[in-house]
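Please read the structure below before turning to the comments.
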Amino acid sequence: QLQLVESGGGLVQPGGSLRLSCAASGFTLDYYAIGWFRQAPGKEREGVSCISDNGDSTNYADSVKGRFTISRDNAKNTVYLQMNSLKPEDSAVYYCAAETWCGSMFYDAWGQGTQVTVSS
């Protein structure tokens, strides 16, 4: 019963903001790094950001650096992705995944995804 559920996606104008949430059920996120990924139609899935299990380390794709911020609230068993200054090229389905550590490529759970559309 390991499950991640993303929420917070939607339609937003260029330059707008959204906050995505990744909530865990059936297990605690305390022991996992959490990565955010995205996939647009016709494109491969790409890594967006990752945060370590204790939140002391984060990383971002160059395309979102300075605009996106990843954070976690282990008491709420939730990881967030604050997305500011959104661009049309940010449009994609966003997924979160639980990893042993950022970059390990060993994933214990994936969410179903939430759609983000940036359009005027």
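Values quoted throughout were computed directly from the atomic coordinates according to the rules given, and no laboratory measurement underlies them. The model shown is predicted, which means the values in this text are computed figures rather than measured ones. No Cβ is skipped: glycine too gets one built from the backbone with ideal geometry, and neighbour counts run over all protein chains shown.
What the table shows:
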read-out: Charge context of residue 99, other residues only, Cβ under 10 angstrom, K/R +1, D/E -1; value: -2
read-out: Virtual spin-label span in nm between residue 104 and residue 11, 7 Å along Cα→Cβ; value: 4.0 nm
read-out: Label-to-label distance, nm, for residues given as residue 52 and residue 25 (7 Å Cα→Cβ offset); value: 3.1 nm
read-out: The range 18-65: trypsin sites (Lys or Arg not before Pro) falling in loop per DSSP and having at most 16 other Cβ within 10 Å; value: 43, 45, 65
read-out: Gain in span if fully extended, residue 67 to residue 120, counting 0.36 nm per residue against the direct Cα distance; value: 17.2 nm
read-out: Cα gyration tensor shape for the range 1-53, rounded if a/c is under 1.5, else prolate or oblate; value: prolate
read-out: Neighbour cut-off at most 14 other Cβ (10 Å), DSSP loop, chymotrypsin sites (Phe, Trp or Tyr not before Pro), the range 11-110; value: 101, 106
